[in-house]
């Protein structure tokens with residue numbers, strides 16, 4: 001079983017979800033300069049995490065069904081962060097607090113190992129993303145992300161994927177029609 | 001005690017360093033397309049990790065005295081990675097293999113907690129870096145890194161810091177003379 005599903009199933013069976021919320025399209029789960037240490041499990045819908053540099057919004061993470069999303073900087077530091085979390089499509093989210101989550105993973109060595117390996121995967125994925133963004137060719141950036149996460153393109157509208165890949169929506173459309 | 005020092009001291013006291021190596025200025029610890037799962041403790045000198053996109057080298061990490069450096073992607077995945085690790089100044093490095101390191105941290109719950117919190121810090125720092133690079137103003141990118149890591153500027157020549165901050169060495173010199 002994949003580690004995300006293992007964690008979600010355990011939270012479910014131990015009845016640790018704090019609440020279940022519905023977020024309308026374009027509504028915010030988190031605003032900049034706030035602290036949010038919750039983990040959100042996406043039952044349905046999709047979201048993005050973005051930074052606003054005063055000129056435009058830069059999407060840095062995308063989340064969709066059967067995955068967790070969180071403002072990881074705030075989750076780790078328990079301090080305010082610049083990140084926004086916004087629904088791209090109407091979302092159904094299950095929420096667990098950091099306190100409840102950490103208590104759960106610390107209560108069971110196997111579960112802690114799952115969490116630990118997920119943290120390692122996050123570091124690995126962040127490094128892959130850092131390398132992706134250094135590649136000058138938009139075609140090549142598209143190709144790398146498509147090979148790693150083809151399901152992204154089924155769940156997320158072009159506009160947000162384009163921002164995530166640091167290209168215009170027009171460039172992304174052109175590449176999708178003629179990838180090479 | 002800081003987590004890095006705690007880990008280095010324990011490796012020392014358990015006599016787990018595999019070897020100690022000297023790397024001349026500009027020599028490589030790791031080349032692209034190789035697997036390197038070692039952790040390197042920097043006794044003296046400085047290094048950078050870079051990606052070569054075919055057109056130029058992009059420095060993505062900097063390491064100096066009393067810190068660890070590693071090709072974390074390769075360390076985690078145990079697969080080849082595109083990263084280069086190169087000495088900026090002549091280095092004295094102590095080396096521990098992943099196997100020896102993981103055996104050590106798994107043998108002691110307190111030490112494992114140190115390693116775990118270091119992984120969390122890495123995720124946090126990677127996110128800070130991702131946000132830094134989205135900031136269009138070179139002055140502001142400089143300011144954020146200077147506030148977080150002032151010691152970087154004592155150990156690393158301008159040329160590499162400029163690449164790390166995605167600006168030309170000339171822009172960095174100008175900003176350092178007149179930060180605001």
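Each reported figure results from applying straightforward, stated rules to the coordinates on display, with no laboratory input. Given the structure is predicted, the values throughout are model-derived calculations rather than measurements. All Cβ positions, glycine included, derive from the backbone under ideal geometry; neighbour counts span all protein chains shown.
Can you compute the helix-only [θ] at 222 nm over chain A? Use -39500 (n - 2.57) per DSSP H run of at least 4 residues, normalise by all residues, nearest 500 deg cm²/dmol.
Using -39500 (n - 2.57) per qualifying helix, the result is -13500 deg cm²/dmol.
Between identical copies, the spacing of residue B:174 label points, each set 7 Å from Cα toward the C-beta atom, reads 3.0 nm from nearest to farthest. One quarter of the convex hull surface built on the alpha carbon atoms of the protein assembly as shown amounts to 18.9 nm², the projected area averaged over directions. For the pair segment A:110-174 and segment B:26-96, the centres of their Cα atoms are 24 angstrom apart. For the residues A:42, A:135, A:21, a GNM of chain A with alpha-carbon springs under 10 Å puts the largest fluctuation on A:135. Compared with the dominant Cα axis of chain A, that is its longest principal axis, helix A:3-13 is turned about 40°. Rg and Dmax, both from the Cα atoms of chain B and both in Å, are 16.8, 51.
Placing a label point 7 Å from the Cα of residue B:16 along the Cα-to-Cβ line, the residues of segment B:34-67 whose backbone N sits under 16 Å from it are B:37-42. Copy-to-copy label distances for residue B:92, where each label lies 7 Å from Cα along Cα-to-Cβ, are 6.3 nm in order of increasing length.
To the nearest ten degrees, helix A:109-133 and the longest principal axis of the Cα atoms of chain A are 20 degrees apart.
The ellipsoid that matches the Cα gyration tensor of segment A:100-154 has semi-axes, each √(5λ) in whole angstrom, of 32, 12, 8, with the longest given first. The long axis of helix B:138-148 is offset from the longest Cα principal axis of chain B by roughly 30 degrees. In this calculation the C-beta distance from residue A:117 to residue A:159 is compared with R0 = 45 Å, giving a FRET efficiency of 0.85. A label point on residue B:22, set 7 Å along the Cα-to-Cβ line, lies at 7.1 nm from each of its counterparts in the other copies, closest listed first.
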